[in-house]
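Participant: Let me begin by handing over the structure; questions about it come next.
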Amino acid sequence: MVSRVIPVETFDLVIFGGTGDLARRKILPGLFRRFRSGQMPAGSRVIGAARSELDSDGYRQMIFEAIAEFGGDEVHDKKSLDAFLKVLEYVTIDAKGDGGWSELADLVRQDVVQAFYFSVAPSLFGDLAERLHTYGISNDKSRIVVEKPFGRDLASAQALNKTLATHFDESQIYRIDHYLGKETVQNLMAVRFGNVLFEPLWNNQYVDHIQITVAETVSVGGRGAYYDKSGAMRDMVQNHLMQLLCLIAMEPPSHFDADAVRDEKLKVIRALQSVAPHHIVRGQYDADENGPSFREDVENPRSFTESFIAMRCHIANWRWAGVPFYLRTGKRMSARSSEIAVVFKELGHSIFGDEEGNEGRNILAIRLQPNEGMDLQVTIKEPGPGGMRLINVPLDMTFADALGDGAEDVADAYERLIMDVIRGNQTLFMRGDEVEAAWAWTDPLIEGWEARNDVPKLYDPGSAGPGDAMSLLRRDGREWREIKG
């Protein structure tokens, strides 16, 4: 398979927080893979900027070690790696002071595409934006990339948007959610809007319910202090799961461009109904022989913060009236798995009857991780003599199998999103009003359980979450899909 590489213009990419964990684990190894694929034009540069006292040679050595650790087999391509390291520069910078900014101004060019990646705490966004303008580094065509969290409630999100808008136009701001860069997420749009097979069925006449699961096997680990203040609702539901919900539920945009897509996503968020307390289940993982409890991890024996949440949501519009959307996410669960399952209704009438094992239900499962792909569960006759025995089997499209050698060049989420920034394509990035609408829906739910002093239910590590989460669906005559890694 020959991939079509869309050319990009020569660029300077400045990574604030360039010595941090995200830069070393994801951003720089990802850029190296795009470099090997020919997507970094000659003359492009990547400039690390952080507090660490390094020179460019020291930074190159750091990134060499990072790529060796996190870059996979690409590290064995020594010729390409040596060439990539030469495009790296480094500036020691003081985000809140004047140190290093003149040096950065001398380094960043005005006649190429400029992108500034804010891989730092949100409290520094305003300082960075202000100094980029004060020192004449950025211009009206510059692009800034900001990482979540985009605030912790509506008020802080509005304040953050206002701060960024003081120095940059909305068209210059790229709010990154790496889930939207996953190959399968984008294929979800292709499947929905590129095939006559699915769109006529994508409504309450044919869909029984939809499940969105993001399960992790890891604990909160070293993020305990942060997680105790955020919880699964703020950390995962308000952004990652909300974005997946929007893509699965939105109306077809008039055409495939950034604002047309984001307009339709915004309509979904605004149509979300408030969730009743008995349709929300919150949990905390307990201790076991493999690790401490959530409260021990966050060092707060009275923590009421959730490491797990499940809920039943409804969208108040014509397409989805009466169709429940079940969301769940949690830490220390049975497997690492992210999946969207569109569960279609049973047959109105089966000519085969119940005795032959016909369940009469089709399921489209979209796997986001770890094995990206999708499968459609269909009913067929079991091979062999003995009558019409029916079984359900998946029509499987695992990308690694379906694309063969071409799967090796499928970019990961950060690679794709960073190159979209360089191209000026905002389709897979969140707009400011989208973020605020999500918080406007989320805040009352959090305020509700805080006012009630709700205590999260304990659940066993390695399980599918609290038993109450199972009851959430069973009360409706449904079951969660098994979490598979």
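The values are calculated or read from the model by the stated rules, or taken from the named source; none is laboratory data. As the structure is a prediction and not an experimental result, all values here were calculated from the model. For neighbour counting, all protein chains shown are included, and Cβ atoms are generated from backbone atoms with ideal geometry for every residue, glycine included. For the accessible areas, the whole protein counts, side chains as well, though only heavy atoms, and no ligand, DNA or RNA atoms are used. Shrake-Rupley method; radii C 1.70, N 1.55, O 1.52, S 1.80 Å.
Participant: For region 50-201, give the magnitude of the charge dipole about the Cα centre (Cβ charges: +1 Lys/Arg, -1 Asp/Glu; no others), in debye to the nearest 20. Write down the numbers at each step before the final one.
Facilitator: Values: 16 positive and 25 negative charges, 98 e Å.
The calculated dipole for region 50-201 is roughly 460 debye.
Participant: Next up: Taking Cα pairs under 8 Å and at least six residues apart, what relative contact order does the chain come out at, in percent? Could the numbers behind the result be given before it?
Facilitator: Values: 870 pairs, mean separation 86.8, N = 485.
So the answer I get is 18 percent.
Participant: Whose amide H sits under 5 Å from the amide H of residue 45, counting only residues 5 or more places off or on another chain, with H placed in the peptide plane?
Facilitator: Here 11, 12, 13 satisfy the definition.
Participant: Could you work out, for region 134-173, what percent of all Cα-Cα pairs fall into each 5 Å distance bin, beginning at 0 Å and stopping at the bin that holds the largest distance?
Facilitator: Percent of Cα pairs in each bin: 6, 21, 28, 23, 13, 7, 1.
Participant: Taking only protein heavy atoms into account and a 1.4 Å probe, give the accessible area per residue of the chain in Å². Walk me through the intermediate numbers first.
Facilitator: Numbers: 21480 Å² over 485 residues.
Heavy-atom accessible area per residue stands at 44 Å².
Participant: Using only alpha carbon positions, build the gyration tensor of region 1-108, then give the equivalent ellipsoid semi-axes as the square roots of 5 times its eigenvalues, largest first, whole angstrom. Before the final figure, lay out each step's value.
Facilitator: Working: eigenvalues 124, 53, 25 Å².
Sorted largest first and rounded, they come to 25, 16, 11 Å.
Participant: Just order 272-284, 15-27 by mean Cβ neighbour count inside 10 Å, highest at the front, would you? Kindly include the intermediate steps, with their values, before the conclusion.
Facilitator: Working: 272-284: 17.8, 15-27: 20.8.
Order by mean packing, descending: 15-27, 272-284.
Participant: Between residue 484 and residue 371, what length in nm is gained on full extension when 0.36 nm per residue of separation is reduced by their alpha carbon distance?
Facilitator: Details: separation 113, 0.36 × 113 = 40.68 nm, distance 1.02 nm.
39.7 nm is the gain from fully extending residue 484 to residue 371.
Participant: Project the alpha carbons of the chain onto their principal axes and report the range along each, largest first, in whole Å.
Facilitator: Extents along the principal axes: 76, 56, 49 Å.
Participant: Per the Kirkwood formula on distinct C-alpha pairs, the Rh of region 205-279 is how many angstrom? Numbers along the way, then the final one.
Facilitator: Details: mean 1/r = 0.0674 Å⁻¹.
Over region 205-279, the inverse of the mean reciprocal pair distance is 14.8 Å.
Participant: For 197, 368, give me the order by solvent-accessible area with a 1.4 Å probe, most accessible first, ignoring ligands, DNA and RNA.
Facilitator: Working: 197 105, 368 0 Å².
The most accessible residue leads, giving 197, 368.
Participant: For the charge dipole of region 216-354, defined by +1 on Lys and Arg C-beta atoms and -1 on Asp and Glu C-beta atoms about the Cα centroid, which residue among 347, 315, 291 has the Cα displaced farthest towards the positive pole?
Facilitator: Highest projection toward the positive end goes to 315.
Participant: Please compute the contact order of region 112-187 in relative form: average sequence separation of alpha-carbon pairs under 8 Å and at least six residues apart, divided by the residue count, as a percent. Each step should come with its number before you reach the end.
Facilitator: Values: 73 pairs, mean separation 26.0, N = 76.
Across region 112-187, relative contact order equals 34 percent.
Participant: Give the Kirkwood hydrodynamic radius (Å, one decimal) of region 425-484, defined as one over the mean of 1/r across all pairs of different Cα atoms. Intermediate results must be reported in sequence, preceding the final value.
Facilitator: On the way: mean 1/r = 0.0665 Å⁻¹.
In region 425-484 this quantity evaluates to 15.0 Å.
Participant: Residue 156 to residue 395: extension gain in nm, 0.36 nm per residue of separation minus the Cα-Cα distance?
Facilitator: Values: separation 239, 0.36 × 239 = 86.04 nm, distance 4.53 nm.
Value of the extension gain: 81.5 nm.
Participant: Measuring from centroid to centroid over Cα atoms, what is the spacing of region 159-213 and region 294-309 in Å?
Facilitator: Using only Cα atoms, the two centres lie 31 Å from each other.
Participant: log₁₀ I(q)/I(0) of region 143-266 at q = 0.11, 0.16, 0.17, 0.22 Å⁻¹, via Debye over equal Cα point scatterers, no solvent, to two decimals?
Facilitator: -0.50, -0.99, -1.08, -1.43
Participant: Whole-Å semi-axes of region 118-200's equivalent ellipsoid, largest first, each the root of 5 times a Cα gyration tensor eigenvalue?
Facilitator: Taking √(5λ) for each Cα gyration eigenvalue gives 33, 15, 11 Å.
Participant: On to the next question. Rounded to the nearest percent, how much of the accessible area of the chain (1.4 Å probe, protein heavy atoms only) is carbon and sulfur?
Facilitator: Values: 10740 of 21480 Å².
Here carbon and sulfur together make up 50 percent of the probe-accessible area.
Participant: Give the cross-link partners of residue 331 among the lysines, using a straight C-alpha distance below 19 Å as the criterion and excluding same-chain residues fewer than 8 apart.
Facilitator: Here the lysines satisfying the reach criterion relative to residue 331 are 148, 229, 457, 484.
Participant: Follow-up question, since we're still on this one. In whole angstrom, how far apart do the alpha carbon centroids of region 406-485 and region 217-293 sit?
Facilitator: Each part reduced to its Cα centre gives a spacing of 3 Å.
Participant: Could you grab the relative contact order for region 1-85? Cα pairs under 8 Å, six or more apart, rounded to a whole percent.
Facilitator: Computed over region 1-85, the figure is 38 percent.
Participant: What order do you get for 472-485, 316-329 when each peptide is scored by the mean count of other beta carbon atoms within 10 Å, highest first?
Facilitator: Details: 472-485: 14.5, 316-329: 17.9.
Output ranking for 472-485, 316-329: 316-329, 472-485.
Participant: Separate question: Below 9 angstrom from the Cβ of residue 176, what's the summed charge of the other residues (Lys, Arg +1; Asp, Glu -1)?
Facilitator: Details: positive: 148, 175; negative: 147, 177.
Within the 9 Å Cβ shell, the charges total 0.
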